[in-house]
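The values are calculated or read from the model by the stated rules, or taken from the named source; none is laboratory data. Quick caveat: nothing in here was measured; it's all calculated off a predicted structure. Every residue, glycine among them, receives a Cβ derived from its backbone with ideal geometry; neighbour counts consider all protein chains shown.
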Amino acid sequence: MRVRTATVRRAGGAVLGAVALVAAGVVAQAAPAPAANADTLIVVAVDGDDAAAGTVEEPLATIQAAVDRAAPGDTIAIRGGTYELSDANITIATDGEPGNPITLGPYEDEHVVIDGDQLPASHTPVGGSIPRAERGSIHMEAAYWNIHGLELIRGPYGVYCDGCVGNEFRDLTTRDNYETGFQLQGASSDNLIANLDSYDNHDPRKNGESADGLGIKEGSGAGNRVTGARLWHNADDGFDAWEFLSAIEITDSIAYGNGVNRWDFPDWQGDGNGFKMGGGDEDLPADHTLSNSIAFDNAADGVTDNGNPGAMDVSHTTTFGNGDTGFQVDRSQSTLTANLSVADATPVSLGSSTSVDNSWDLGGDWNEDALLSTDPAAITGPRSPDGSIPSAPEFLVPRDGTPVGARF
């Protein structure tokens, strides 16, 4: 067993997840996972000891030590604080089991931050590469984990998951990482990413060319789903499905303000799409779906097929104020239904894709005056208690009630 070292300091903050002790030593968790008995609870704390029992009274000191002890059905509960990774990232290689996952999250309502700024790969020089094993403050090659309620900052990726199956990731924040905030790739299937906030991720080594909010790329596997994601102010794209060759389902998500050089990189390479729905060197098809989502104020396209020739389905999605095209689907065989474009440089580039009941099909003046509100304050504010994106019933909604675009 490898024991990783870490420096930790206690910190307060907002509630990001919950693991609660109840009577008779039973643990209940906010994310949907089975309760664990006291003998399967592994506790980590800033003042712990990796040689300790791993209980509430005698916690471990590092998350890695807890991960190394965990078995199917166990719950790792992390006490509040900032855990500064120094010599190595957190590596997850043990599988849970279907219906008996391993759970990793905060203890009760405590705020847990994992800071990867001291990891060597976080400061890879311009033009350098990050060794595969060093990608991610959490580097994961495992199945059937429930990971929730953590904030991952300043690492070489926040979460990097390769060859991952049947995992649930809920209520995570990945910000200010030196590569993509959350990346899923390889032979990965049946993963759920819910209520992810991923922002300000940037990559000095590539001058902004690679750091997305969320990437599901360079791989394949059925059943991967994204819901309730907010992806903003990332150097490259909000969402990127580059060379992922199986269908991904994206719902109820928002991508905004991506592709702007907020870090004064000297040779800016950020793309700046809201939702990049595939593409690759071979341009192989993948039939992704996007519904009830919004892309606004991105430097390039709101939604783009990026050369993916597949038959994608894009419905009830809104693009607003993007620097290039709202819906760029002229290299795919997509179907666009009941979508809304307002104030984009160009509403749509359709090619041979199919367009049904979209704003540009309906005619009329689709400008800012046609909308109830263009103020994003509500939808970009604190999440609801259940982790969902806050309600914004007027944001980018047609004033006359025309049933096009997203609703939150």
Where a residue in the stretch 90-114 is at pLDDT below 95 and its partner, wherever it lies, is crowded, with 18+ Cβ neighbours inside 10 Å and not hydroxyl-bearing (S, T, Y), with Cβ under 6 Å and at least six apart: D109/A18
Hits in the stretch 300-341 (condition: assigned to a loop (DSSP other than H, G, I, E, B) and either without any contact (Cβ under 8 Å) to a residue 12 or more places away in the chain or under 16 Å from G405 (Cβ atoms) (or both)): G302, H316, T317, G321, N322, A338, N339
Candidate set: the stretch 237-285, residues that are aromatic (F, W, Y) and farther than 10 Å from D212 by Cβ; chosen: the one surrounded by the most Cβ atoms within 10 Å (Cβ to Cβ): F275
Filtered residues of the stretch 144-172 (kept if polar (S, T, N, Q) and more than 20 Å from V44 (Cα to Cα)): N167
Unique match (being touching a residue at least 60 places away in the same chain (Cβ under 8 Å) and surrounded by 20 or more Cβ atoms within 10 Å (Cβ to Cβ)) among Y157, Y144: Y144
Residues that are of a type outside the set (A, V, I, L, M) and either in contact with a helix residue (DSSP H, G or I) (Cβ under 6 Å, 6 or more places away or on another chain) or over 17 Å from I90 (Cα atoms) (or both), drawn from the stretch 158-174: G166, E168, R170, D171
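Which fully enclosed strands (runs of 3 or more DSSP E) of the stretch 119-215 have 1 or more residues being within 18 Å of Q64 (Cα to Cα) and in contact with a Lys or Arg (Cβ under 6 Å, 6 or more places away or on another chain)?
Strands (runs of 3 or more DSSP E) meeting the threshold: 145-148, 150-153, 159-162.
Being farther than 19 Å from D271 by Cβ, part of a loop (DSSP other than H, G, I, E, B), without any contact (Cβ under 8 Å) to a residue 60 or more places away in the chain and within 26 Å of the chain's Cα centre (by Cα) is the requirement here; does A378 meet it?
yes
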Output for the stretch 86-111, where each listed residue is under 23 Å from R135 (Cα atoms) and either in contact with a helix residue (DSSP H, G or I) (Cβ under 9 Å, 6 or more places away or on another chain) or hydroxyl-bearing (S, T, Y) (or both): S86, D87, A88, N89, I90, T91, I92, A93, T94, I102, T103, L104
Tally of residues being buried (at least 24 other Cβ atoms within 10 Å of the Cβ) and among the hydrophobic types (A, V, I, L, M, F, W, C) across the stretch 68-119: 10
